[in-house]
Amino acid sequence: MYEEASEDEVQADYRFGKSAEPVNPPSDITVALVQSWAGALADRAGSVFPDMHSSSIGEEHYLVGMIDQVRALEELKAAASAAQVRATAVFDALTRRAQAAAGVKADQLGKGVGAQIGLARRESPNRGTRMLGISRILTREMPHTLHALTLGVINEWRATILVKETACLSLEDRQRIDEQVAGNLAELESLGDNQLIARIKTLSYALDPHSVVNRASKAASERYVSCRPAPDTMTYLTGLLPVAQGVGCLRR
């Protein structure tokens, strides 16, 4: 799913060629500017709720303003996620280019980038590598999904759903679904998580039923049961199983 870039891709321009939405260095958005926005939000979080009895604004008007603020902040979070995606992709490309120029072997290009992304996002190296893979796919293969994330129509999790659920498809079929699902912003915004997954599965099966069947077979081969400690001399027993076996275990 998250393949390493070839030497030709490392030498390519920031646009990555395949993407309909260019990925350029975020020169107009500086770290200082982002930090100033974060500071403004932090100051706002410390404000005291108004006394509705002495305030000149009506309670109903105030409530509308607050729910609008919640929506605006959610869209801001999504836009920030899209900015992280672009910055991650550019950092990855520039790092690989510098490594290639320094004579690093092709199979070692990009080594350590996922760990750096994880550290920057206060996540584990493993999760940082997954985020790096998602950023590559969104910038190179799924421009409509990235655009929807930029506008705040979807959040980072729903963008991840689109990436994961199309992973079994060819690039051409993945881009078709990207256009059909994420290209229709009004429909995309109306879909819940389960509806979104069902929509993608339906389109995927119509485009390439063999890939969908093979994906299901591969998923079954990766079933497992794990055990890890929990507080108070307890333990977590976790199983990833085919649905029939999982439901059977639950009933037992």
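The values are calculated or read from the model by the stated rules, or taken from the named source; none is laboratory data. This is a predicted model, so every value here is computed, not measured. Please note: Cβ atoms are built from the backbone with ideal geometry, for glycine as well, and neighbour counts cover all protein chains shown. Please note that ligands, DNA and RNA were not included when accessible areas were found on the heavy atoms of the full protein model with its side chains. Shrake-Rupley method; radii C 1.70, N 1.55, O 1.52, S 1.80 Å.
So if R0 is 35 Å, what FRET efficiency would LEU151 and SER221 give, r being the distance between their Cβ atoms, rounded to the nearest 0.05? With R0 = 35 Å, the Cβ-Cβ based efficiency is 0.35. Accessible area of CYS227 (1.4 Å probe, protein heavy atoms only, ligands and nucleic acids ignored): about 90 Å². Contact order, relative form, for the stretch 147-252: 20 percent (alpha carbon pairs under 8 Å, 6 or more residues apart, mean separation divided by residue count). Heavy-atom accessible area for GLU141, with the other protein chains in place and a 1.4 Å probe, reaches approximately 40 Å².
Relative contact order, whole percent, for the stretch 117-191 stands at 27, derived from Cα pairs under 8 Å and 6 or more residues apart. Tell me whether the stretch 101-252 comes out rounded, prolate or oblate; compute the Cα gyration tensor, take square roots of the eigenvalues as a ≥ b ≥ c, and use a/c under 1.5 as the rounded threshold. Cα axes put the stretch 101-252 in the oblate bin.
For the listed peptides 109-115, 201-207, a ranking on the average number of other beta carbons within 10 Å per residue, highest first, reads 109-115, 201-207. Per residue, the solvent-accessible area of the stretch 72-200 (1.4 Å probe, heavy atoms of protein chains only, all protein chains present) comes to 46 Å².
Quick one: with all protein chains in place, what share of the accessible area of the stretch 127-252 is carbon or sulfur, to the nearest percent (1.4 Å probe)? Within the stretch 127-252, the accessible surface is 56 percent carbon and sulfur. The modelled label-to-label distance for the pair TRP37/GLN116, using points 7 Å beyond Cα in the direction of Cβ, is 2.3 nm.
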